[in-house]
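The values are calculated or read from the model by the stated rules, or taken from the named source; none is laboratory data. This structure is a prediction, so every number in the text was calculated from the model and none was measured. Every residue, glycine among them, receives a Cβ derived from its backbone with ideal geometry; neighbour counts consider all protein chains shown. The protein model used for the area step is the full one, side chains on, heavy atoms only, and it has no ligands, DNA or RNA in it. Shrake-Rupley method; radii C 1.70, N 1.55, O 1.52, S 1.80 Å.
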Amino acid sequence: MDNEPRFLRPNAIIEPLVDGFYAWVLTVAPVQAAMNLTFLQVPLLESYLQSPPVHIAASQNPALRGGYFVNIGEDRAGEVRALLDSIKRDRAEMLRFAEAIMEAEDMLRQSASGFDLTPLYPKLPPELGGLVELAYDTNNQPTLRFMEPVVYTSSIYSEDRQSVQLSIEPGYERPFILSTPRLSSPDVLDLRIPFRHPGLEALFGARVRPSTLGELREALELPDDAAARQLEGLLTTQPSLNSDRHIDGGGRIRYFGHACLVLQTPEAAIITDPFISADNTAGGRYTYDDLPDYLDLVLVTHGHQDHIVLETLLQLRGRVGQVVVPRSSRGNLCDPNLALYLSHLGLPVTEVDDFDEVAFPGGKVVATPFLGEHADLDIRSKSTFWVEMAGRSIFVGADSSGIDPLLYRHIRRHLGTVDVAFLGMECDGAPLTWLYQALLTRPVTKKMSDSRKLSGSNAEQASAIVTELGATEAYIYAMGEESWLGHVMATSYTDDSVQLKEVEKFQSWCADNGVKSEHLLGQQEWRW
Ligand SMILES: [Fe+2]
Ligand SMILES: [Fe+2]
């Protein structure tokens with residue numbers, strides 16, 4: 001039996017975890033992970049343990065969806081206590097590192113008054129020694145710059161925190177996951193292996209090429225027979241790949257939901273912001289069964305948890321040429337380096353700046369600027385993309401906003417007219433603190449935070465982008481409406497939501513101006 005050819009079931013899923021919490025950029029990249037652990041996750045667990053019923057009630061209240069509450073029954077509070085104790089014991093160094101960042105920022109505020117910074121180095125907390133540089137900007141504001149590649153080599157980046165849970169997609173919308181740690185469960189295979197472990201590549205490679213239970217057991221270093229039996233439950237003897245996942249002429253774009261597009265010619269395939277549903281029985285969506293066997297390029301537009309999705313990226317490892325990521329500001333606390341992050345997870349990465357070009361067979365991708373949508377934080381690791389493929393030019397706009405539409409005039413001047421534009425119109429996004437609270441070293445008022453939202457374009461801005469780019473087709477995507485991303489998005493629109501009203505307004509503008517438009521949801525395909 002162990003040598004029988006087996007495929008990974010199409011509806012198998014992976015949840016990557018760090019200290020039990022869902023893994024994404026701000027919980028894995030070491031500087032930001034230390035801040036999140038110390039100032040968000042530990043306080044969250046402490047708050048839960050003070051009153052589990054408050055957290056449980058809040059988690060079940062639809063009006064508070066996406067709020068930071070621990071959604072774990074009181075009968076398992078003992079396990080939450082054990083997790084908190086282990087974090088305090090095993091991650092003491094990370095917790096101290098984050099406190100040191102707070103102290104250093106405070107010291108800079110007190111002491112860096114425009115004069116020589118040299119005397120301040122001895123005043124830095126010892127935990128930051130050799131890992132930061134002090135600098136003024138030209139406005140004489142002092143800042144702390146992290147030497148991120150060095151931090152990755154220090155004990156602050158510990159792969160010991162990483163583990164994965166493998167299971168079968170439950171067939172219902174997974175609950176919001178960013179605030180609730182995962183505990184063990186009998187129907188889940190828990191593996192204490194780092195994300196870059198080659199066994200994961202072997203496992204997910206078995207979606208396309210069969211392996212055997214014996215090989216996979218060895219590749220994943222399964223500890224015992226019980227784990228092997230669980231692994232067996234994730235395997236099948238029948239492949240389920242769809243034969244039309246490749247094309248033999250022309251060009252094709254398939255919308256896989258949210259910001260995920262697969263652009264194809266017979267020679268090449270590109271995927272944007274990979275986030276793929278594993279549920280191949282529900283219908284109304286493309287799944288891993290529809291994915292081309294090889295992806296020349298993976299384009300990642302920015303670091304938000306719905307665009308750089310580790311649970312999908314880990315499943316693509318081994319079948320991608322390059323993951324193209326935007327260059328960060330290098331060392332800014334709010335702007336973790338996406339290239340470093342992904343290369344530490346075993347992915348091949350190419351870092352790009354605005355107007356850098358990456359060729360692929362039969363076409364090219366040009367990185368183009370991305371405006372706003374980051375609560376006015378100085379975050380540079382964000383990019384839109386211009387794809388030239390099979391005679392068409394396609395603008396992948398992600399959540400980039402039209403705050404200053406003149407930007408898009410510069411893009412057109414440099415690259416020409418766009419045929420098709422994909423635009424995100426989540427025009428009333430979450431406030432600053434929803435995603436970045438733990439990184440703020442100086443408190444902001446609620447009013448201040450609420451004024452700085454993670455918002456994409458409204459109708460007026462989207463119309464201006466389309467006008468400036470000269471696009472004749474505009475598709476609204478990346479709205480967070482698909483059910484399979486509720487666990488990281490937590491958006492809940494009603495017909496009266498301002499976002500949907502703005503989409504309608506934009507579409508009627510398109511109709512009046514000879515632009516073909518569509519509000520995408522779930523699945524779509526274009527051939528030419
Ligand atoms: Fe975003
Ligand atoms: Fe988004």
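Consider PHE422 carefully, then state whether it is away from ligand 2 (no atom under 13 Å from the Cβ) and crowded, with 23+ Cβ neighbours inside 10 Å.
Criteria not met by PHE422.
Which residue is farthest from the chain's Cα centre (by Cα), if the candidates are limited to segment 379-392 and must be open to solvent by 10 Å² or more (accessible area, probe 1.4 Å) and more than 16 Å from ligand 1 (Cβ to nearest atom)?
Taking the candidates together, the pick is GLY391.
Do the conditions hold for GLY331, that is, is it open to solvent by less than 10 Å² (accessible area, probe 1.4 Å), more than 16 Å from ligand 2 (Cβ to nearest atom), part of a loop (DSSP other than H, G, I, E, B) and not polar (S, T, N, Q)?
yes
If you go through segment 443-463 one residue at a time, do you hit one that is of a type in the set (Val, Ile, Thr) and either within 30 Å of GLY171 (Cβ to Cβ) or touching a residue at least 40 places away in the same chain (Cβ under 8 Å) (or both)?
No; the residues of segment 443-463 include none that is of a type in the set (Val, Ile, Thr) and either within 30 Å of GLY171 (Cβ to Cβ) or touching a residue at least 40 places away in the same chain (Cβ under 8 Å) (or both).
Has segment 156-168 got at least one residue that is closer than 30 Å to GLY284 by Cα and either basic (Lys, Arg) or open to solvent by 30 Å² or more (accessible area, probe 1.4 Å) (or both)?
Yes, there is a match, as at least one residue in segment 156-168 is closer than 30 Å to GLY284 by Cα and either basic (Lys, Arg) or open to solvent by 30 Å² or more (accessible area, probe 1.4 Å) (or both).
Could you grab me the full set of residues in segment 189-211 that are among the β-branched types (Val, Ile, Thr) and open to solvent by 20 Å² or more (accessible area, probe 1.4 Å)?
Within segment 189-211, VAL208 is the sole residue that qualifies.
How many residues does segment 481-493 hold that are within 11 Å of ligand 2 (Cβ to nearest atom) and open to solvent by 10 Å² or more (accessible area, probe 1.4 Å)?
2
For segment 409-480, please list each of the helices (runs of 4 or more DSSP H) lying entirely inside it that holds at least 2 residues being away from ligand 1 (no atom under 14 Å from the Cβ).
Result: 446-451, 459-469.
In segment 303-310, is there at least one residue being of a type outside the set (Val, Ile, Thr), more than 16 Å from ligand 2 (Cβ to nearest atom) and under 24 Å from PHE422 (Cα atoms)?
no
(1) touching a Ser or Thr at 6+ places or on another chain (Cβ under 9 Å); (2) away from ligand 2 (no atom under 16 Å from the Cβ): which one isn't true of CYS260, the others all being true?
Condition not satisfied by CYS260: (2).
So which of VAL366, VAL358, VAL323 ends up being part of a strand (DSSP E or B), under 21 Å from GLU15 (Cα atoms) and in contact (Cβ under 8 Å) with a residue 24 or more places away in the chain?
Of VAL366, VAL358, VAL323, the one residue that is part of a strand (DSSP E or B), under 21 Å from GLU15 (Cα atoms) and in contact (Cβ under 8 Å) with a residue 24 or more places away in the chain is VAL323.
Can you find, within segment 425-434, the residue that is least open to solvent (accessible area, probe 1.4 Å) among those that are within 16 Å of ligand 2 (Cβ to nearest atom) and more than 30 Å from ARG254 (Cα to Cα)?
Per the criteria, the residue is LEU432.
Quick check on my filter: what residues within segment 84-104 are surrounded by fewer than 19 Cβ atoms within 10 Å (Cβ to Cβ) and closer than 16 Å to LEU40 by Cβ?
LYS88, LEU95, GLU99, MET102, listed by residue number.
Looking at the structure I just gave you, is GLY363 away from ligand 1 (no atom under 16 Å from the Cβ), over 19 Å from ARG327 (Cα atoms) and buried (at least 21 other Cβ atoms within 10 Å of the Cβ)?
So GLY363 fits the description; yes.
Among the residues of segment 54-91, which ones are in a helix (DSSP H, G or I), under 21 Å from ALA33 (Cβ atoms) and among the aliphatic types (A, V, I, L, M)?
Within segment 54-91, VAL80, ALA82, LEU83, LEU84, ILE87 qualify.
Scan segment 340-350 and tell me whether some residue there is among the aliphatic types (A, V, I, L, M), within 16 Å of ligand 1 (Cβ to nearest atom), closer than 30 Å to ALA135 by Cα and not in a strand (DSSP E or B).
For segment 340-350, residues among the aliphatic types (A, V, I, L, M), within 16 Å of ligand 1 (Cβ to nearest atom), closer than 30 Å to ALA135 by Cα and not in a strand (DSSP E or B): absent.
Can you confirm whether MET94 is of a type outside the set (Val, Ile, Thr), part of a helix (DSSP H, G or I), in contact with a helix residue (DSSP H, G or I) (Cβ under 6 Å, 6 or more places away or on another chain) and in contact (Cβ under 8 Å) with a residue 12 or more places away in the chain?
yes
Going by what's in this entry, would MET107 be described as open to solvent by less than 30 Å² (accessible area, probe 1.4 Å), more than 21 Å from GLU46 (Cβ to Cβ) and touching a residue at least 12 places away in the same chain (Cβ under 8 Å)?
In short, yes.
Out of curiosity, is VAL323 touching a Pro at 6+ places or on another chain (Cβ under 9 Å) and closer than 20 Å to GLU373 by Cβ?
Answer is no for this residue.
Within segment 375-403, how many residues are touching a helix residue (DSSP H, G or I) at 6+ places or on another chain (Cβ under 9 Å), away from ligand 2 (no atom under 15 Å from the Cβ) and either acidic (Asp, Glu) or outside any loop (DSSP other than H, G, I, E, B) (or both)?
Result for segment 375-403: 5.
Confirm whether ALA511 is away from ligand 1 (no atom under 16 Å from the Cβ) and assigned to a loop (DSSP other than H, G, I, E, B).
no
On the given criteria, is VAL300 out of contact with any strand residue (DSSP E or B) (no Cβ under 8 Å at 6 or more places or on another chain) and within 16 Å of ligand 1 (Cβ to nearest atom)?
Criteria not met by VAL300.
Suppose we filter VAL54, VAL31, VAL42, VAL70 for residues that are modelled with pLDDT of 95 or more, open to solvent by 20 Å² or more (accessible area, probe 1.4 Å) and β-branched (Val, Ile, Thr); which single one remains?
Only one candidate qualifies: VAL54.
Scanning for something over 30 Å from ALA390 (Cα atoms) and assigned to a loop (DSSP other than H, G, I, E, B), does segment 206-219 turn up at least one residue?
yes
So if I check each of SER211, SER243, which one is out of contact with any helix residue (DSSP H, G or I) (no Cβ under 6 Å at 6 or more places or on another chain) and touching a residue at least 12 places away in the same chain (Cβ under 8 Å)?
SER211
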